[in-house]
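Right, one structure below, let's go through it.
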Amino acid sequence: MNGRFVRPNPLPGFGPAFGVTLAWVALIVLIPLTALALRPWSLGITGVLASLESPRVLAALKLSFGASLAAAAINVPLGLLVAWVLVRGRFPGRQLADALVDLPFALPTAVAGIALTTLYAPNGWIGGLVAPFGIDLAYAMPGIMVALVFAGLPYVVRTVQPVLMDLPAEVEEVAATLGARPPQILVRVVLPAILPALLTGFGMAFARAVGEYGSVIFIAGNMPGLTEIAPLLIVIRLEQFDYAGAAVLALAMLMLSFTMLGAVNLLQQRLARRAR
Amino acid sequence: MNPRFPPVPIVAVLAALAALGGLVLLPVAALFAEAAGQGLGRALAAFDDPDSLAAIRLTLLVAAISVPVNTLGGLAASWCIARFRFTGRGVLLTFIELPLSVSPVISGLVWVLLFGAQGWFAPAVDRLGVQVIFATPGLVLATLFVTFPFVVRQLVPLMQAQGSEEEEAALTLGASPWRMFWHVTLPNVRWALLQGVLLLNARAMGEFGAVTVVSGRIRGQTLTMPLQIEALYNDFQAPAAFAMAGLLALLALVTLAARAWLEWHTRRGTDKTMATA
Amino acid sequence: MSLALHGIFKQFGTTAALHGVDLKAAEGEFLALLGPSGSGKTTLLRMIAGLETAESGRVLIGGADMAGVPARARGVGFVFQHYALFRHMTVADNIAFGLRVRPRAQRPGRAAIRARVADLLGLVQMPELGARYPDQLSGGQRQRVALARALAIEPRMLLLDEPFGALDAAVRRDLRRWLRDLHNRTGLTTVMVTHDQAEALEVADRVAILRAGRVEQVDTPAGLWASPATAFVHRFIGESVELPCTVADGLARFAVAGLPDLPCDLPAGPALAMLRPHEIGLSAGGPARVRGVAVAGPAVRVEVQAGETMIEVLLPPGAAPPALGSACRLDLGAARFYPRG
């Protein structure tokens, strides 16, 4: 670097653009997140721990992270199937189906929440089918799972799709000429190539699910200790003006999910390196 | 789509379509069915309510502020990141993408911590007599946070793929920095930029979790459309809630359609780059 | 306008890209910068245009120091390797760009710009194609549009970065001739970067050969061909036969058995004798053996074994090919000597 901050370049405008960027990032992202990182410690270490140790908090964290992991795990095979069909399949309406994938991403979460609730409530199209058997979908665990799978699906599909598209036909053809049967080709040739992308998609779906609020709270039932997700508990603490308590829970959530994302990234990088 | 690939079994196609249909299409269909089931008259009547109109106005106002701010910031950041090599470039990009992995609720919470009771900036805004939390500024700030990376994520990969030769050519032909930006840089990324702005706008108008936290839910004053939907729904005013939800769902569908069309344009643009290279 | 580079030094990270380059081009001269990839030739060209900055050294255009003068004020026409045509503008708009972005006071009127664009389209032999977009043109056509766009600003000199690099062989040959023609007509000082020695030798008045950030030799094509200054230049501009030898007392003794000593004015020490295959004489009877004979067009290629070494000889057209396995003698009298080690 020669001790220089920016490598010389004939293009103009780095100074002003960098100034604007720095102000923009600092004011909207850095300063607020710093406030979040520091605020919990106003309670002291013991206060922070006490705030986390309540059974209600632990239950909420367990629910949020457990359900999100499960939802992301469901999204992996589901997203792979959808991506594979969209890339390799040829059927009428393929492009429409492709556009549908982004809907959970584009639909406002509150709208998704009441739409899912309408569908899965005991008097809804799907909820009504199982209600006679005494099965509750909405206002219970299954409802939460449906909402989280819904929210995470585009992330897996959209990360796997381009990789699947770039996979050359030759590789599979060579495997076939060497005597591999289709399931063997899938497991030994295709899967290793897309595993890093699948893992990335898993991480993104998981991160989205952990933080998800709007699409879950309508369908979840929100029973403390049972179907109360961690983001909702943050909102509740804020409504009780327990700002430090809300910050503790928020920071704990962020740390947990960043740790998990970090682990997923590490694994993904290792896999990607091996695949190369 | 390569004909050399073995055909996808019809079972797989059906399973994927069933999954997409059941999980994604059906809820939206149920929503529209519910909204339409009230009859058009009652659905439209929902928009006569002054609180609902206020919510629509507030949503438009919040979007009208946050979309340009994040677009300009995103353009400046993309120019730095895609065109220059500088110390801390990777860190900067990480910070810009950070809001994507932060829960919407936390994205709102951070502003309460800054401007709410005992917040760092609370004394300053009190002295100025400005209300931030439980008021429009708070809604704008929360929206800015959640829509922060949209433009950068669209522009940086494209600008890196395009390279800077055209801009250098413009300079050697005597163009001033502004001329270069307006006549070369901006036209080359216009479709991707528009896509980013569309997504940014859709998210800004549809954000729920982050604005929940900073809104304080004052009817007719701090409820944006998604918050108004929740309020109506919890008040058992289902027809009005569904009418407004239908409107937002429509916005999402239009955004997706526009984006698909733009993506097609961008892809054509990159194909051209390939052909020129 | 004339060009002079003095002591140009440039570093990328910790590796030096250019080590004190000095170079001159006279007004109206066509100078080629020739070298393998990584020799620093493109960096040098971009430096002239103001697209790259030197750590030290001076660039003078028409005698004026260009330090602190940005690319847009240098008035040089730069043709990029991949043309860098503005993809969203028509051919005509591309060509007009440099005129339209001038400050209002110096900007020609609309009609004048249109006339100039038409002139240039004629000059590059595509009068009908002004309304096309770059992606509707062939590679050769894009190349010519890039040239027309650079010429539109009436540049003080023309800089070409691998102008034929992306084209196929037949188009290349045509464009080469056309470019030389254009230069003869406009008399514009031109600097061209290339890695293709045939191209440089055919088109340029003088060729500067670069290697690892240093100028090895600057000379006319004929001069380079007749007397390469270094072994590198010898190798780079044509087929070479290399024979290691040792110089002592004004005589070069070959390591290869059966080759006669030759007079040599290098100081004592290890050296390298270099020749073109056609400069080696071959006569019947002697210590060497003919190991291979191949007819290469009008000429004949002969592989001769001397000791353990195979030496390639190119016989002039019409020479009778020697019999395979026959004894022969090599005449290395035309050898050029370079110090080795």
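Rounded if a/c is under 1.5, else prolate if a/b beats b/c, else oblate: with a ≥ b ≥ c from the C-alpha gyration tensor eigenvalues square-rooted, which is region B:76-167? Walk me through the numbers on the way to the answer.
Values: a/c = 2.84, a/b = 2.54, b/c = 1.12.
Prolate, since a/c reaches 1.5 and a/b exceeds b/c.
In chain C, Cα pairs under 8 Å separated by at least six residues give a relative contact order of 16 percent. Counting only heavy atoms of the protein chains and using a 1.4 Å probe, C:His183 has close to 10 Å² of accessible surface.
Compute the Cα gyration tensor for chain A, then decide on rounded, prolate or oblate, letting a ≥ b ≥ c be the square roots of its eigenvalues: rounded whenever a/c is under 1.5, prolate when a/b is larger than b/c in the other cases, and oblate in all that remain. Could you put the intermediate results ahead of the total?
Values: a/c = 1.93, a/b = 1.11, b/c = 1.73.
It comes out oblate by the Cα gyration axes.
Could you check how many percent of all C-alpha pairs in region C:183-253 are farther apart than 18 Å?
On the way: 1193 of 2485 pairs.
Cα-Cα pairs in region C:183-253 separated by more than 18 Å: 48 percent.
Residues of region A:218-259 that bury at least 40 Å² of accessible area when the other protein chains are present, relative to the chain alone (probe 1.4 Å, heavy atoms, ligands and nucleic acids excluded): A:Phe218, A:Leu238, A:Tyr243, A:Leu254, A:Phe258. Contact residues in region C:99-127 (at least 50 Å² less accessible area with all protein chains than alone, 1.4 Å probe): C:Val101.
Per residue, the accessible area of region A:126-276 comes to 46 Å², computed with a 1.4 Å probe over protein heavy atoms only. Site pair C:Thr230 and C:Asp261 shows an inter-label distance of 3.1 nm when each label is modelled 7 Å from Cα along Cα→Cβ.
Contact order for region A:149-228, expressed relative to its length and based on alpha carbon pairs under 8 Å spaced 6+ residues apart, stands at 46 percent.
Mean residue ellipticity, 222 nm, helices only, chain B: the sum of -39500 (n - 2.57) across DSSP H runs of n ≥ 4, divided by residue count and rounded to 500, is -23500 deg cm²/dmol.
Per residue of B:116-123, other chain Cβ atoms within 10 Å of the residue Cβ number 3 on average. Tell me the mean residue ellipticity at 222 nm calculated for chain A from its helices only (DSSP H runs of n ≥ 4, each -39500 (n - 2.57), averaged over every residue, nearest 500). Roughly -23000 deg cm²/dmol at 222 nm, from the helical runs in chain A. Across region B:212-244, the residues whose backbone nitrogen lies under 12 Å from the label position 7 Å along the beta-carbon direction of B:Ala45 are B:239-240. Database remark: amide H of C:Ala17 closer than 5 angstrom to the amide H of C:Lys10, C:Gln11, C:Phe12 (H placed geometrically; neighbours at sequence offset of 5 or more, or on other chains; Pro and chain starts carry no H).
Put a dot 7 Å past the Cα of B:Gln237, heading toward its Cβ, do the same for B:Ala122, and the two dots end up 3.2 nm apart. For the chain pair B and A, buried accessible area totals roughly 7900 Å², probe 1.4 Å, rounded to the nearest 100.
Summarising the amide proton neighbourhood of C:Arg291: residues at separation of 5 or more, or on other chains, whose placed amide H is nearer than 5 Å comprise C:Glu303, C:Val304, C:Gln305, C:Gly325. For region A:1-124, the dipole from Cβ point charges (+1 on Lys and Arg, -1 on Asp and Glu) about the Cα centre works out to 280 debye, to the nearest 20.
Here the Karplus relation 6.51 cos²θ - 1.76 cosθ + 1.60, evaluated at θ = phi - 60°, turns the backbone of region C:112-125 into coupling constants of 5, 5, 4, 5, 5, 4, 4, 4, 5, 4, x, 4, 8, 6 Hz, with x for every Gly and Pro. Across chain A, C-alpha contacts under 8 Å between residues 6 or more apart give a mean separation that, scaled by the residue count, equals a relative contact order of 29 percent.
Of the residues C:Glu52, B:Glu97, the one with the largest accessible area comes first in the ranking B:Glu97, C:Glu52, computed with a 1.4 Å probe on protein heavy atoms.
Which of rounded, prolate or oblate describes chain B when judged by the alpha-carbon gyration tensor and an a/c cut-off of 1.5? All intermediate terms of the calculation are to be shown ahead of the outcome.
Details: a/c = 2.14, a/b = 1.21, b/c = 1.77.
Here chain B falls in the oblate category.
Annotation: amide H of C:Gln217 within the under-5 Å range of C:Ile209, sequence separation 5 or more or interchain, hydrogens built in the peptide plane.
The values are calculated or read from the model by the stated rules, or taken from the named source; none is laboratory data. This structure is a prediction, so every number in the text was calculated from the model and none was measured. We place every Cβ from the backbone using ideal geometry, glycine too, and count neighbours over all the protein chains shown. The accessibility values were calculated without ligands, DNA or RNA, using every heavy atom of the protein model including side chains. Shrake-Rupley method; radii C 1.70, N 1.55, O 1.52, S 1.80 Å.
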